[in-house]
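First the structure, in the form of C-alpha coordinates, and then the observations on it.
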Amino acid sequence: MSFILPPLPFDREALAPHMSAETLDFHHGKHHKAYVDVTNELVNAAGLQGKSLVEVIRAAKPGPLHNNAAQLWNHSFFWQCLSPAGAPPTGRLAQLIESGFGSTEVLLSTFGEEAEKHFGSGWAWLVLEDGALKITTLHDGDTPAAHEGMVPLFTLDVWEHAYYIDYRNARPHYVEAVLNNLVNWDFIALNLDEGGIERADQK
Ligand code: ZN
(Lines give C-alpha, C1' and ligand atoms only; values in the text may rest on other atoms or scores of the structure.)
Protein backbone atom coordinates (compact mmCIF):
# COMPACT_ATOMS: atom_id res chain seq x y z
CA MET A 1 0.00 0.00 0.00
CA SER A 2 1.29 3.37 -0.98
CA PHE A 3 0.29 6.73 0.35
CA ILE A 4 -1.86 8.76 -2.03
CA LEU A 5 -2.34 12.41 -2.90
CA PRO A 6 -5.71 13.18 -1.28
CA PRO A 7 -8.01 14.99 -3.73
CA LEU A 8 -8.76 18.64 -2.98
CA PRO A 9 -11.99 18.95 -0.93
CA PHE A 10 -13.19 21.70 -3.32
CA ASP A 11 -13.14 22.48 -7.05
CA ARG A 12 -9.79 23.86 -8.26
CA GLU A 13 -11.54 27.09 -9.33
CA ALA A 14 -13.49 27.45 -6.06
CA LEU A 15 -11.03 29.60 -4.08
CA ALA A 16 -10.37 32.20 -6.81
CA PRO A 17 -9.53 35.05 -6.81
CA HIS A 18 -7.95 34.61 -3.37
CA MET A 19 -6.17 31.39 -4.37
CA SER A 20 -6.11 30.69 -8.08
CA ALA A 21 -6.57 27.40 -9.92
CA GLU A 22 -2.99 27.80 -11.18
CA THR A 23 -1.68 28.04 -7.61
CA LEU A 24 -3.64 24.90 -6.69
CA ASP A 25 -2.35 23.08 -9.78
CA PHE A 26 1.22 23.72 -8.63
CA HIS A 27 0.78 23.65 -4.86
CA HIS A 28 -1.42 20.54 -4.73
CA GLY A 29 -0.61 18.92 -8.07
CA LYS A 30 3.17 19.32 -7.90
CA HIS A 31 4.46 20.28 -4.43
CA HIS A 32 2.05 18.16 -2.37
CA LYS A 33 2.34 15.31 -4.88
CA ALA A 34 6.14 15.41 -4.66
CA TYR A 35 5.93 14.91 -0.88
CA VAL A 36 3.72 11.86 -1.50
CA ASP A 37 6.08 10.41 -4.11
CA VAL A 38 9.25 10.90 -2.04
CA THR A 39 7.58 9.46 1.09
CA ASN A 40 6.59 6.36 -0.91
CA GLU A 41 10.12 6.04 -2.32
CA LEU A 42 11.77 6.17 1.12
CA VAL A 43 9.34 4.34 3.37
CA ASN A 44 10.36 0.80 2.42
CA ALA A 45 14.08 1.47 2.81
CA ALA A 46 13.37 2.71 6.33
CA GLY A 47 11.51 -0.52 7.16
CA LEU A 48 8.31 1.42 7.90
CA GLN A 49 6.04 -0.02 5.20
CA GLY A 50 2.57 -0.87 6.50
CA LYS A 51 2.58 1.89 9.07
CA SER A 52 0.13 4.79 8.94
CA LEU A 53 1.36 8.21 7.80
CA VAL A 54 1.38 9.55 11.36
CA GLU A 55 3.26 6.46 12.56
CA VAL A 56 5.85 7.02 9.81
CA ILE A 57 6.27 10.69 10.85
CA ARG A 58 6.81 9.67 14.47
CA ALA A 59 9.09 6.70 13.74
CA ALA A 60 11.31 8.15 11.00
CA LYS A 61 14.67 9.58 11.99
CA PRO A 62 15.25 13.30 11.34
CA GLY A 63 15.86 13.60 7.60
CA PRO A 64 14.18 13.28 4.20
CA LEU A 65 11.55 10.61 5.06
CA HIS A 66 10.41 12.42 8.20
CA ASN A 67 10.34 15.79 6.40
CA ASN A 68 8.42 14.56 3.35
CA ALA A 69 5.91 12.55 5.38
CA ALA A 70 5.35 15.56 7.65
CA GLN A 71 4.75 17.81 4.65
CA LEU A 72 2.38 15.20 3.15
CA TRP A 73 0.38 15.34 6.40
CA ASN A 74 0.58 19.15 6.77
CA HIS A 75 -0.79 19.77 3.27
CA SER A 76 -3.52 17.13 3.66
CA PHE A 77 -4.66 19.04 6.77
CA PHE A 78 -4.22 22.48 5.19
CA TRP A 79 -6.63 21.93 2.25
CA GLN A 80 -9.38 20.95 4.70
CA CYS A 81 -8.84 24.28 6.50
CA LEU A 82 -9.96 26.22 3.41
CA SER A 83 -13.46 26.82 2.17
CA PRO A 84 -14.89 29.27 -0.36
CA ALA A 85 -17.95 30.08 1.75
CA GLY A 86 -17.11 29.52 5.38
CA ALA A 87 -19.92 30.14 7.86
CA PRO A 88 -18.83 32.25 10.87
CA PRO A 89 -17.88 30.46 14.09
CA THR A 90 -20.67 29.42 16.46
CA GLY A 91 -21.15 27.41 19.66
CA ARG A 92 -18.12 26.24 21.65
CA LEU A 93 -15.69 27.65 19.07
CA ALA A 94 -17.27 31.11 19.27
CA GLN A 95 -17.03 30.94 23.08
CA LEU A 96 -13.34 29.95 22.96
CA ILE A 97 -12.62 32.82 20.56
CA GLU A 98 -14.49 35.26 22.82
CA SER A 99 -12.67 34.15 25.99
CA GLY A 100 -9.24 33.92 24.34
CA PHE A 101 -9.20 36.87 21.99
CA GLY A 102 -12.35 38.92 22.54
CA SER A 103 -13.46 38.67 18.91
CA THR A 104 -12.91 36.80 15.65
CA GLU A 105 -11.31 39.94 14.19
CA VAL A 106 -8.66 40.02 16.93
CA LEU A 107 -8.00 36.28 16.57
CA LEU A 108 -7.49 36.67 12.82
CA SER A 109 -5.28 39.76 13.10
CA THR A 110 -3.12 38.09 15.77
CA PHE A 111 -2.84 34.94 13.67
CA GLY A 112 -2.05 37.05 10.59
CA GLU A 113 0.79 38.87 12.37
CA GLU A 114 2.34 35.55 13.45
CA ALA A 115 2.07 34.17 9.91
CA GLU A 116 3.51 37.31 8.31
CA LYS A 117 6.51 37.65 10.61
CA HIS A 118 7.44 33.94 10.66
CA PHE A 119 11.02 33.86 9.37
CA GLY A 120 11.52 31.59 6.37
CA SER A 121 9.42 28.58 5.42
CA GLY A 122 6.89 27.07 7.76
CA TRP A 123 3.33 26.98 9.02
CA ALA A 124 1.18 29.10 11.32
CA TRP A 125 -1.09 27.04 13.58
CA LEU A 126 -4.17 27.55 15.69
CA VAL A 127 -4.09 24.84 18.35
CA LEU A 128 -6.03 23.83 21.44
CA GLU A 129 -3.91 23.87 24.59
CA ASP A 130 -5.23 23.28 28.11
CA GLY A 131 -8.75 23.95 26.85
CA ALA A 132 -7.87 27.31 25.27
CA LEU A 133 -7.01 28.55 21.79
CA LYS A 134 -3.35 29.27 21.10
CA ILE A 135 -1.49 30.57 18.04
CA THR A 136 1.98 29.28 17.22
CA THR A 137 4.27 28.67 14.27
CA LEU A 138 6.43 25.72 13.25
CA HIS A 139 9.47 25.83 10.97
CA ASP A 140 9.88 24.14 7.59
CA GLY A 141 8.06 20.77 7.62
CA ASP A 142 7.63 20.52 11.38
CA THR A 143 4.14 19.32 12.23
CA PRO A 144 1.71 18.81 15.12
CA ALA A 145 1.61 15.15 14.04
CA ALA A 146 5.17 14.86 15.42
CA HIS A 147 4.39 16.57 18.73
CA GLU A 148 2.51 14.35 21.16
CA GLY A 149 -0.40 16.24 22.69
CA MET A 150 -0.42 19.14 20.20
CA VAL A 151 -4.05 19.55 19.05
CA PRO A 152 -4.25 21.22 15.62
CA LEU A 153 -7.36 23.20 14.68
CA PHE A 154 -6.27 25.29 11.67
CA THR A 155 -3.11 26.01 9.70
CA LEU A 156 -1.78 28.41 7.10
CA ASP A 157 1.07 27.42 4.82
CA VAL A 158 3.61 30.27 4.64
CA TRP A 159 6.10 28.52 2.37
CA GLU A 160 6.80 30.81 -0.59
CA HIS A 161 5.38 28.14 -2.95
CA ALA A 162 1.96 28.82 -1.34
CA TYR A 163 1.70 32.38 -2.63
CA TYR A 164 4.31 33.21 -5.25
CA ILE A 165 2.06 32.70 -8.30
CA ASP A 166 -0.81 34.85 -7.01
CA TYR A 167 0.99 37.35 -4.78
CA ARG A 168 4.68 37.19 -5.84
CA ASN A 169 6.74 38.05 -2.75
CA ALA A 170 3.86 39.73 -0.86
CA ARG A 171 3.19 37.22 1.92
CA PRO A 172 1.01 39.71 3.89
CA HIS A 173 -1.42 40.05 0.96
CA TYR A 174 -1.76 36.25 0.74
CA VAL A 175 -2.21 35.88 4.50
CA GLU A 176 -4.91 38.57 4.62
CA ALA A 177 -6.76 37.19 1.58
CA VAL A 178 -6.93 33.68 3.03
CA LEU A 179 -7.83 34.75 6.57
CA ASN A 180 -10.52 37.16 5.41
CA ASN A 181 -12.11 34.92 2.79
CA LEU A 182 -11.22 31.23 2.97
CA VAL A 183 -11.25 30.06 6.60
CA ASN A 184 -13.26 26.85 7.04
CA TRP A 185 -14.69 27.53 10.52
CA ASP A 186 -16.72 24.30 10.39
CA PHE A 187 -13.48 22.29 10.11
CA ILE A 188 -11.95 24.23 13.01
CA ALA A 189 -15.03 23.53 15.15
CA LEU A 190 -14.88 19.83 14.18
CA ASN A 191 -11.25 19.64 15.36
CA LEU A 192 -12.22 20.73 18.88
CA ASP A 193 -12.88 16.99 19.37
CA GLU A 194 -9.05 16.60 19.29
CA GLY A 195 -9.36 14.34 16.22
CA GLY A 196 -7.52 16.65 13.82
CA ILE A 197 -4.38 14.51 13.61
CA GLU A 198 -6.46 11.61 12.25
CA ARG A 199 -8.23 13.80 9.66
CA ALA A 200 -5.03 14.04 7.59
CA ASP A 201 -3.69 10.57 8.40
CA GLN A 202 -3.59 7.66 5.94
CA LYS A 203 -3.45 3.95 6.72
ZN1 ZN B 1 2.84 24.15 0.74
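The values are calculated or read from the model by the stated rules, or taken from the named source; none is laboratory data. Keep in mind that this is a model prediction, so the values were computed, not measured. Glycine gets a Cβ as well: all are built from the backbone with ideal geometry, and neighbour counts include every protein chain shown. The protein model used for the area step is the full one, side chains on, heavy atoms only, and it has no ligands, DNA or RNA in it. Shrake-Rupley method; radii C 1.70, N 1.55, O 1.52, S 1.80 Å.
Quick notes on this structure:
- Here Ala69, Ala34 are screened, and the one residue that is among the small types (Gly, Ala, Ser), within 16 Å of the ligand (Cβ to nearest atom) and closer than 22 Å to Glu148 by Cα is Ala69.
- Residues in region 138-178 that are of a type in the set (Gly, Ala, Ser), in contact with a helix residue (DSSP H, G or I) (Cβ under 9 Å, 6 or more places away or on another chain) and away from the ligand (no atom under 11 Å from the Cβ): Ala145, Ala146, Ala177.
- Condition check for Gln95: open to solvent by 10 Å² or more (accessible area, probe 1.4 Å) and either of a type in the set (S, T, N, Q) or assigned to a helix (DSSP H, G or I) (or both): yes
- Complete set of residues in region 22-67 that are crowded, with 17+ Cβ neighbours inside 10 Å, within 20 Å of His139 (Cα to Cα) and small (Gly, Ala, Ser): Ala60
- Ser103 vs. criteria at pLDDT 95 or above, of a type outside the set (Phe, Trp, Tyr) and away from the ligand (no atom under 16 Å from the Cβ): yes
- Applying the set (1) in contact (Cβ under 8 Å) with a residue 24 or more places away in the chain; (2) open to solvent by 30 Å² or more (accessible area, probe 1.4 Å); (3) within 16 Å of the ligand (Cβ to nearest atom) to Ser2 leaves exactly one unmet item: (3).
- Just one of (1) out of contact with any Pro (no Cβ under 7 Å at 6 or more places or on another chain); (2) at pLDDT 95 or above fails for Gln49. It is (2).
- Any hit, region 68-89, residues being open to solvent by 20 Å² or more (accessible area, probe 1.4 Å), modelled with pLDDT of 95 or more and over 29 Å from Lys33 (Cα atoms): yes
- Candidates Leu138, Leu126, Leu72 - the one that is over 29 Å from Leu48 (Cα atoms) and among the aliphatic types (A, V, I, L, M): Leu126
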